[in-house]
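Novice: I am attaching a structure below and will ask some questions about it afterwards.
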Protein chains: 2
Amino acid sequence: MSSAKINAAIDNLKEAGVRITPQRHAILEHLIQSMSHPTADEIYKALEGKFPNMSVATVYNNLRVFKEAGLVKELTYGDSSSRFDCVTTDHYHIICDSCGKIVDFHYPGLDEVESLAESVTGFDVGRHRMEIYGVCPDCKRKH
Amino acid sequence: MSSAKINAAIDNLKEAGVRITPQRHAILEHLIQSMSHPTADEIYKALEGKFPNMSVATVYNNLRVFKEAGLVKELTYGDSSSRFDCVTTDHYHIICDSCGKIVDFHYPGLDEVESLAESVTGFDVGRHRMEIYGVCPDCKRKH
DNA sequence: AGACTAATTATAACAATTATAAAGTAATAA
DNA sequence: TTATTACTTTATAATTGTTATAATTAGTCT
């Protein structure tokens with residue numbers, strides 16, 4: 001059950017002093033339950049059945065709120081629109097060049113890379129991102 | 001002198017059957033000589049002295065041509081507009097969270113990560129991207 | 001309840017990018 | 001050389017993702 005995750009996320013938000021509105025609940029729920037990495041527009045469309053009057057701005061506003069609370073990460077790949085990902089545990093993404101599918105991929109953080117970068121460039125390194133690209137099994141099968 | 005690089009790039013394009021127009025030459029030259037990683041608009045503005053009539057579309061078109069020829073890479077970070085980078089040797093980027101500066105950072109490719117991802121996910125892995133984020137020396141000094 | 005703050009909605013604005021059509025330029029063939 | 005063709009550039013309009021604004025609604029606090 002992912003309702004435990006949802007509750008944990010909501011507790012997290014409440015502690016940060018964020019009000020849990022029905023829209024926020026629904027957006028969060030959708031993000032956690034859909035194993036995909038939806039765009040703002042996809043979330044908007046997915047919820048317009050439940051919330052016929054909800055505005056796109058609400059989706060964007062709340063994604064920003066969740067981001068600021070550290071619950072959600074914004075993924076900016078080459079395509080036009082950002083995708084949003086619930087941060088649960090540390091993981092990277094592998095992306096299919098053919099169909100665009102994004103799959104989680106767990107790997108121990110690249111700490112050595114960070115420390116080398118720090119010494120070479122003189123930056124104070126805070127974090128990094130990495131994505132891997134290839135062709136997913138489904139697309140391989142379809143030749 | 002980077003004129004050698006420019007000539008090499010031009011030969012590359014010619015072999016691929018791409019016509020070298022004055023605009024293309026100038027865009028390429030600017031990309032190679034400016035050590036920065038300019039946006040399409042920055043390139044456009046930088047060249048409007050030389051080419052007062054050049055259209056933004058020309059910049060975008062030709063960046064796409066260069067990309068397809070494998071000479072240029074598009075970098076999509078969180079900010080609104082893409083940046084473009086001449087592919088010379090393999091390198092990663094380290095980005096300042098405070099001022100946005102992008103610095104090249106050479107590191108041996110992360111081949112083990114790619115092969116692990118391949119075995120774990122079943123993808124055929126082609127490539128990967130990585131960026132490191134932190135605070136640059138200049139911004140550190142400014143506190 | 002009344003006052004205050006925050007959230008949502010509807011809509012407009014914006015900015016990056018792409019598409020279109022017309023005009024120009026170079027390459028090729030007769 | 002001229003005609004034909006394909007490719008480029010230009011100017012402009014259209015699209016699209018995202019953000020800003022103002023008005024309305026809903027929640028919170030004393």
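Novice: Taking a 31 Å limit on the Cα-Cα distance, which of the listed pairs A:142/B:67; A:140/B:73; B:50/B:101; A:73/B:73; A:45/B:73; A:45/A:73 fall beyond it? Can you show the working numbers first?
Specialist: Details: A:142/B:67 27 Å; A:140/B:73 25 Å; B:50/B:101 26 Å; A:73/B:73 24 Å; A:45/B:73 33 Å; A:45/A:73 20 Å.
Over 31 Å Cα-Cα: A:45/B:73.
Novice: Turning to a different aspect of this structure: For every other residue with a beta carbon closer than 12 angstrom to the beta carbon of residue B:94, add +1 if it is Lys or Arg and -1 if Asp or Glu, then tell me the sum.
Specialist: The answer is -3.
Novice: Put a dot 7 Å past each Cα toward the Cβ at residue A:51 and residue A:81; how far apart are the dots in nm?
Specialist: Result: 1.5 nm between the two label points.
Novice: Give me the compactness ratio for segment A:1-51, meaning the Cα radius of gyration over 2.2 N^0.38 Å.
Specialist: 1.14
Novice: To continue, here is another question. Checking the cross-link filter: which aspartates and glutamates have an alpha carbon closer than 15 Å to that of residue B:5, excluding same-chain neighbours under 8 positions apart?
Specialist: Of all the aspartates and glutamates, those that pass the test against residue B:5 - Cα under 15 Å, at least 8 places apart if same chain - are B:29, B:85.
Novice: Take the Cα atoms of the protein assembly as shown, build their convex hull, and give its volume per residue in Å³. Write out the running numbers ahead of the final one.
Specialist: Values: hull volume 54.5 nm³, N = 286.
Cα convex hull per residue, to the nearest whole number: 190 Å³.
Novice: Still on this model: May I ask you to report, in nm to one decimal and beginning with the shortest, the distances from residue B:81 to the same position in the other copies, taking label points 7 Å along Cα-to-Cβ?
Specialist: 2.3
Novice: How many percent of Cα pairs in segment B:3-86 exceed 22 Å? Mind dumping the intermediate values first?
Specialist: On the way: 644 of 3486 pairs.
Looking at segment B:3-86, the distances longer than 22 Å represent 18 percent of pairs.
Novice: If you scale each eigenvalue of the Cα gyration tensor by 5 and take the root, what three semi-axes come out for segment A:92-141, rounded to whole angstrom and sorted largest first? Provide the component values of the computation, followed by the final result.
Specialist: Values: eigenvalues 188, 19, 12 Å².
Sorted largest first and rounded, they come to 31, 10, 8 Å.
Novice: By what distance, in whole Å, do the Cα atoms of segment A:55-122 stretch along each of the three principal axes, largest value first?
Specialist: Principal-axis extents of the Cα atoms in segment A:55-122, largest first: 47, 32, 23 Å.
Novice: Protein chains only, probe 1.4 Å: how do B:60, B:77 rank by accessible area, largest first? Before the final figure, lay out each step's value.
Specialist: Working: B:60 125, B:77 20 Å².
Per-residue accessible area, sorted high to low, gives B:60, B:77.
Novice: Between B:46, B:117, B:26, where does the largest GNM mean-square fluctuation fall for chain B, given springs only between Cα atoms within less than 10 Å?
Specialist: B:117
Novice: Further, regarding this structure: When the helix-only estimate is applied to chain B (DSSP H runs of n ≥ 4, each -39,500 (n - 2.57), divided by the residue count), what is the mean residue ellipticity at 222 nm, nearest 500 deg cm²/dmol?
Specialist: Values: 6 runs with 62 residues, N = 143.
The helix contribution divided over chain B gives -13000 deg cm²/dmol.
Novice: Hey, another quick one. In chain A, once you exclude exposed trypsin sites (Lys or Arg not before Pro) (DSSP loop, at most 13 other Cβ within 10 angstrom), what's the longest stretch remaining?
Specialist: Details: sites that count: A:19, A:50, A:142.
Here the longest run is A:51-141.
Novice: Considering just Cα atoms, how many Å³ per residue does the convex hull of chain A enclose? Mind dumping the intermediate values first?
Specialist: Numbers: hull volume 23.0 nm³, N = 143.
Enclosed volume per residue, from the Cα hull, is 161 Å³.
Novice: Residue A:116 to residue A:143: extension gain in nm, 0.36 nm per residue of separation minus the Cα-Cα distance? Mind dumping the intermediate values first?
Specialist: On the way: separation 27, 0.36 × 27 = 9.72 nm, distance 4.03 nm.
This chain segment gains 5.7 nm when fully extended.
Novice: Roughly how many Å is it from the Cα centre of segment A:90-127 to that of segment B:13-68, as a whole number?
Specialist: That distance is 31 Å.
The values are calculated or read from the model by the stated rules, or taken from the named source; none is laboratory data. Fair warning: this is a prediction, and the values are worked out from it, not measured in the lab. Glycine also receives a Cβ, built like all others from the backbone with ideal geometry; neighbour counts cover every protein chain displayed. For accessibility, only protein heavy atoms count, side chains too; no ligands or nucleic acids. Shrake-Rupley method; radii C 1.70, N 1.55, O 1.52, S 1.80 Å.
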